[in-house]
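The values are calculated or read from the model by the stated rules, or taken from the named source; none is laboratory data. Keep in mind that this is a model prediction, so the values were computed, not measured. For neighbour counting, all protein chains shown are included, and Cβ atoms are generated from backbone atoms with ideal geometry for every residue, glycine included. Side chains included, ligands, DNA and RNA excluded: accessible areas come from the protein's heavy atoms. Shrake-Rupley method; radii C 1.70, N 1.55, O 1.52, S 1.80 Å.
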Amino acid sequence: QVQLVESGGGLVQAGGSLRLSCAASGILFSIAPVGWYRQAPGKQRELVASISGGGDSNYADSVKGRFTISRDNAKNTVYLQMNSLKVEDTAVYYCYVSQYWGQGTQVTVSS
């Protein structure tokens, strides 16, 4: 059974940090590109960051310099380190691996 289990969301003040995790099972993970997406109320889901099997990463302009995506293939896990958080980062965050979606985790940034 394919599972993508997300954790690490929560409530944080502007300027603070959170680290999201997504642990995969039932998927050939090590060579797959993976990504983090987010969706705010009334808005489309958007790509935040992605990372290839070889470790090459890409970021949305809105998060460059603040967020870092990484992966640990030995643990079948992808991470999103979120620093200098802004109110505008408030959304549900989803990981995506090989056509599968995580359940989503809420990130709320207060002013």
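Restricting segment 15-58 to trypsin sites (Lys or Arg not before Pro) that sit in a DSSP loop and have at most 13 other Cβ atoms within 10 Å of their own Cβ leaves 43.
Normalised by the number of residues in segment 7-55, the mean separation of alpha-carbon contacts (under 8 Å, six or more apart) gives a relative contact order of 28 percent. Give me the net charge of residue 50's neighbourhood, meaning all other residues with Cβ under 15 Å from the Cβ of residue 50; Lys, Arg count +1, Asp, Glu -1. Cβ neighbours under 15 Å give a net charge of +1. Please figure out what share of the DSSP beta bridges in the chain is antiparallel and state it in percent, rounded to the nearest 5. Given both bridge residues lie in the chain, the antiparallel proportion sits at roughly 90 percent. How high is the relative contact order of segment 18-111? Use alpha-carbon pairs under 8 Å, at least six apart in sequence, and give a whole percent. It comes to 32 percent, rounded to a whole number.
Which residue, 24, 39, 52, has the largest displacement toward the positive end of the dipole of segment 21-67 when charges sit on each Cβ (Lys, Arg +1; Asp, Glu -1)? Selected residue: 39.
Of the solvent-accessible surface of the chain, computed with a 1.4 Å probe and all protein chains present, 47% belongs to carbon and sulfur. Magnitude of the charge dipole for the chain, about its Cα centre and with charges confined to Cβ atoms of Lys, Arg (+1) and Asp, Glu (-1), is about 80 debye. Per residue, the chain exposes an accessible area of 53 Å² to a 1.4 Å probe, with every protein chain left in place. Net charge in the neighbourhood of residue 16 (other residues with Cβ under 12 Å of its Cβ; Lys, Arg +1, Asp, Glu -1) is +2. Reported to the nearest whole Å, the Cα centre-to-centre distance from segment 49-63 to segment 77-111 is 14. What does the charge count around residue 66 come to, taking other residues whose C-beta lies under 10 Å from its C-beta (Lys +1, Arg +1, Asp -1, Glu -1)? Once all neighbours under 10 Å are counted, the net charge is +1.
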